[in-house]
Amino acid sequence: MTRHIVLLRHGPTDWNADKRLQGRTDTSLSETGRQQLSGRRIPAAYRDWPWYASPLRRAQETATLLGLQATTEPALIEMDWGAYEGCTLAELHARHGAAFAANEELGLDLQPPGGESPRQVQQRLLPWLRNLPGNAGAVTHKGVIRAILALAFDWPMLGKPPVRLDWRCLQEFSITEDGRPVLAAANVPLE
């Protein structure tokens, strides 16, 4: 039986607007984020699936605003940005220069001091994906969705992504027997 997972990034926050690495900081949706989700719904094809959400407030709020009864799933939490948390990329380049640029060049293995790498995010997600009993939806984070996209395409997270994702839309992946994702549909709009 082919299983599918549909992923949605949480609505916008003030830190998103400021282009700050948000990671595990438990911010709420911005007023703009709440307005963007107001009156929106998950497409009918996915509404009856079980839904999960990251434990962070911005994902929980998004699920609630979309009328979802989502189960909290710790594996869906955003990447831990450690010492980079709350900074913009421009601030990190100015502060750390060549050291930060070298860390960026590691792609999947970029690891902030005190944080986790995208590869570690993948390792935390794979057991959860393998154990999904059937189709499911999840409200999560950009870092989580990018880690799953990297798994689907064997993308080392260097250069442009293999597919341009619209972060306001759903991303659907089928799950192989060994728990690996395969992109089934990108950029499915909310209703």
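No value in this document is a laboratory result; all are computed from the given coordinates. Since this is a predicted model, take the numbers as computed values, not measurements. When we count neighbours, we look across all protein chains shown, and the Cβ atoms used for this are built from the backbone with ideal geometry, even at glycine.
Under a 5 Å amide H cut-off, with hydrogens placed 1.01 Å from N, residue 184 pairs with 172, 173, 174 among residues at least 5 apart or on other chains.
Taking each residue as 0.36 nm, the span from residue 190 to residue 105 lengthens on full extension beyond its C-alpha to C-alpha distance by 27.2 nm. By DSSP, what percent of the beta bridges with both residues in the chain are antiparallel, rounded to the nearest 5? Counting only bridges with both partners in the chain, antiparallel ones make up about 50 percent.
Only helices enter this figure: runs of n ≥ 4 DSSP H residues, each worth -39500 (n - 2.57), summed and divided by the residues of the chain, yield -9500 deg cm²/dmol at 222 nm to the nearest 500.
Across the stretch 52-58, rounded Karplus estimates of 3J(HN,Hα) from the backbone phi angles (6.51 cos²θ - 1.76 cosθ + 1.60, θ = phi - 60°) give 10, 9, 4, x, 6, 3, 4 Hz, Gly and Pro being marked x. Does a label point 7 Å from the Cα of residue 45, set along Cα-to-beta-carbon, have any residues of the stretch 123-166 with amide nitrogen under 15 Å, and which are they? Residues 135-137 qualify, since their backbone N sits under 15 Å from the label point.
Once backbone amide H atoms are built at 1.01 Å from N, residue 53 has 71, 72, 73, 139 as its partners under 5 Å, excluding neighbours fewer than 5 places away on the same chain. Remark: the Cα gyration tensor places the chain in the oblate category, a/c being 1.5 or greater and a/b not exceeding b/c. Phi-derived couplings, Karplus 6.51 cos²θ - 1.76 cosθ + 1.60 at θ = phi - 60°, listed residue by residue for the stretch 34-40: 5, 5, 5, 8, 4, x, 8 Hz, with x used for Gly and Pro.
Using the Cβ-Cβ distance between residue 1 and residue 24 with R0 = 45 Å, the FRET efficiency computed as 1/(1 + (r/R0)^6) comes to roughly 0.85.
Each residue of the stretch 175-191 was assigned a 3J(HN,Hα) from its phi angle through the Karplus curve 6.51 cos²θ - 1.76 cosθ + 1.60 (θ = phi - 60°); the sequence is 10, 6, 4, 8, x, 7, x, 10, 4, 9, 7, 9, 6, 7, x, 5, 8 Hz, with glycine and proline shown as x.
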